[in-house]
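Engineer: There's a structure below that I have some questions on.
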Amino acid sequence: MIQYANFQHKKVLVLGLAKSGVAAAELLHELGAFVTVNDSKPFEENPQAQSLLQKGITVICGRHPEDLLDEGFEVIVKNPGIPYTNPIIQDALNRQLPVITEVELAYLISDAPFIGITGTNGKTTTTTLVYEMLKNGNRNPLIAGNIGTVACGVAKEASKDDCIVIELSSFQLMGIQTFKPKIAILTNLYDAHLDYHGTFDEYAKAKLNITKNQDESDWLIYNANQQIVEEYVKNSKAKKIPFQSTKRTEEGVSADDQMIYWEGQPFIDRSIIALPGKHNLENILAAVAACILYGCDKEKIEEVLQTFSGVRHRTQFVRNWQGRKIYNDSKATNCLATKVALDAFKEPTILIAGGLERGHSFEELRDSMKNVVGVVAFGQTKSRFIEFAKSCGVDTTIEAENVENAVEKAAAISNTGNVILLSPACASWDQYPNFEVRGDLFIEAVMKLN
């Protein structure tokens, strides 16, 4: 860890706790800053705040005082989920105080270079692929961000011989000032988080912060399948590496039906790839490009592609049961994600779907239901989803009580050669605290099939 002296004796406010806030507060305290933490959760219900207080960090809990910044803070470190419309953040900006996120702090104290991954979809899979390939190639990767350990914690332990592979949200990227990844990846851009950013343009600009400090000594890997991405990256000063999943190209990394190409030359035979789906091919291309640039051997990349079957809850292969391939895509909490999952399979598919009722239409799925031969629906939306499935020409439709019961019913109506896919197209909160719990219970039920 670089002993970053610019925080010594400075008054720093950490706004919002959770894991990133705690890590930031502890690190700043270690760097000699005078740290105050402000969190809305009452102190008596806040074990994280209680722990920080015991370490000598000032804690203000249960409220956000309007005059908080009158205490003379010089830097604000905010939780990524706190919007910039927050009154304290607005006050800080009006006072021209630096407002950063924990990612910026991690970068300032890190001895290791960063590989940063952002985009609307595919961040977690791409981050995991890069990490696994570099690990297999003995390139000393560490994983951080939304997918792994809080970035500050990783950066503290990283040496100059390591590499930090980090998944980055638009929220995190809005709070960077000097963050400069050696390699940046932009997987794609779609409408998302507009309630936070206001417009697609503001959202895209937040994502593009990943490359704003890069120069010609760095690389930006981007999705050349999307013209809008090409438009947004054109002003980057980094060396641009496009990935293209629909045809062979002479630049960057590309693929046709048979091969993956690097700079137009055959590199990897696609038949070895274990991970299904067009969307995952894009993730694979981005990861392959990053690992080539970082000096990973082709054989080590191929070994991962032969065995990697998906990130947990994201089109994750669970089991081959009596000639049926069963996949867990519990992370698919909206129709776009389920559409992508359905489009990944050509086999006759039994779809397990349903969940929280938000009143949204399922029409976006219609063109992707062509290979669906059966639907088992559960949760608040089960009746509506069954009605939609029937309108798509699906003859076999069954309602289930929950995801575990849905596994039993899906198995009963399936045939050899079918895919059984949990891809709910709905949030989990009507029956489960999060999509991870829903997915874990699905996996348990699948493993009990005999």
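Engineer: Considering only C-alpha atoms, what is the centroid distance from the stretch 70-118 to the stretch 5-24, in Å?
Structural biologist: About 9 Å separates the Cα centre of the stretch 70-118 from the one of the stretch 5-24.
Engineer: Which one, Val59, Val77, Val103, has the greatest fluctuation when you compute a Gaussian network model over the chain with C-alpha springs under 10 angstrom?
Structural biologist: Its mean-square fluctuation being the largest, the pick is Val59.
Engineer: Ignoring any ligand, DNA or RNA, what whole percent of the accessible area of the stretch 106-155 comes from carbon and sulfur when the probe is 1.4 angstrom?
Structural biologist: Solvent-exposed carbon and sulfur of the stretch 106-155 make up 39 percent of the total.
Engineer: What's the center-to-center distance, using Cα atoms, between the stretch 417-435 and the stretch 263-291 in Å?
Structural biologist: Centre-to-centre distance over Cα atoms comes out at 27 Å.
Engineer: Could you give me the ³J(HN,Hα) list for the stretch 269-278, computed from phi with Karplus coefficients 6.51, -1.76, 1.60 and θ = phi - 60°, whole Hz, x at Gly and Pro?
Structural biologist: 6, 5, 5, 7, 6, 8, 7, x, x, 4
Engineer: What lysines sit close enough to Lys240 to cross-link, taking a C-alpha to C-alpha distance under 27 Å and skipping anything fewer than 8 places away on the same chain?
Structural biologist: Lys123, Lys135, Lys160, Lys180, Lys182, Lys205, Lys207, Lys212, Lys278, Lys298, Lys300
Engineer: Angle check, please: helix 123-136 long axis (alpha carbons) against the longest principal axis of the chain (alpha carbons), in degrees 0 to 90, nearest 10.
Structural biologist: That works out to roughly 80 degrees.
Engineer: Let me spell out the model: positive unit charges on the Cβ of Lys and Arg, negative unit charges on the Cβ of Asp and Glu, origin at the Cα centre of the stretch 237-347. What dipole size does that give, in debye rounded to 20?
Structural biologist: 500
Engineer: Given only helices, namely DSSP H runs of n ≥ 4 each adding -39500 (n - 2.57), what is the per-residue ellipticity at 222 nm of the chain, to the nearest 500 deg cm²/dmol?
Structural biologist: -9500 deg cm²/dmol
Engineer: Okay, next question. Looking only at Cβ-Cβ distances, which cysteines of the chain have no other cysteine closer than 4.7 Å?
Structural biologist: That list is Cys61, Cys152, Cys163, Cys335, Cys392, Cys426.
Engineer: Search the structure for amide H atoms under 5 Å from the amide H of Arg324, placed 1.01 Å from N in the peptide plane, and list their residues when 5 or more places away or on another chain.
Structural biologist: Result for Arg324 returns Gly417.
Engineer: Which residues' amide hydrogens lie under 5 Å from the amide hydrogen of Ile221, considering only partners 5 or more residues apart or on another chain, with H built in the peptide plane?
Structural biologist: When sequence neighbours closer than 5 places are left aside, the close amide H contacts are Ala184, Ile185, Leu186, Ile241.
Engineer: Can you run phi through the Karplus equation (6.51, -1.76, 1.60; θ = phi - 60°) for the stretch 442-450 and list ³J(HN,Hα) in whole Hz, with x for Gly and Pro?
Structural biologist: 4, 4, 4, 5, 5, 5, 7, 5, 9
Engineer: Which one of Leu52, Leu134, Leu28 has the biggest mean-square fluctuation once the chain is modelled by GNM with Cα springs under 10 Å?
Structural biologist: Most flexible of the set in this elastic network: Leu52.
Engineer: Please state the relative contact order of the chain as a whole percent: Cα pairs under 8 Å, 6+ residues apart?
Structural biologist: Result for the chain is 10 percent.
Engineer: Convert each backbone phi in the stretch 14-31 into a coupling constant with the Karplus relation 6.51 cos²θ - 1.76 cosθ + 1.60 (shift: θ = phi - 60°), then list the ³J(HN,Hα) values in order as whole Hz, x for Gly and Pro.
Structural biologist: Rounded to whole hertz, the list is 9, 9, x, 9, 6, 4, 5, x, 4, 4, 5, 4, 5, 5, 4, 4, 5, 7.
Engineer: Given a 1.4 Å probe, how much area per residue of the chain is accessible, in Å²?
Structural biologist: 43
Engineer: Percent relative contact order of the stretch 252-301, based on C-alpha pairs within less than 8 angstrom and at least six residues apart?
Structural biologist: Relative contact order, the stretch 252-301: 28 percent.
Engineer: If each residue of separation counts as 0.36 nm, what is the full-extension length gain between Glu44 and Thr178 once their alpha-carbon separation is subtracted?
Structural biologist: Extending this stretch completely gives an extra 44.5 nm.
The values are calculated or read from the model by the stated rules, or taken from the named source; none is laboratory data. Please read all numbers here as calculations on a predicted model, not as lab measurements. Here Cβ is always computed from backbone atoms with ideal geometry, including for glycine, and neighbour counts include all displayed protein chains. Ligands, DNA and RNA are excluded from the accessible area calculation, which covers all protein heavy atoms including side chains. Shrake-Rupley method; radii C 1.70, N 1.55, O 1.52, S 1.80 Å.
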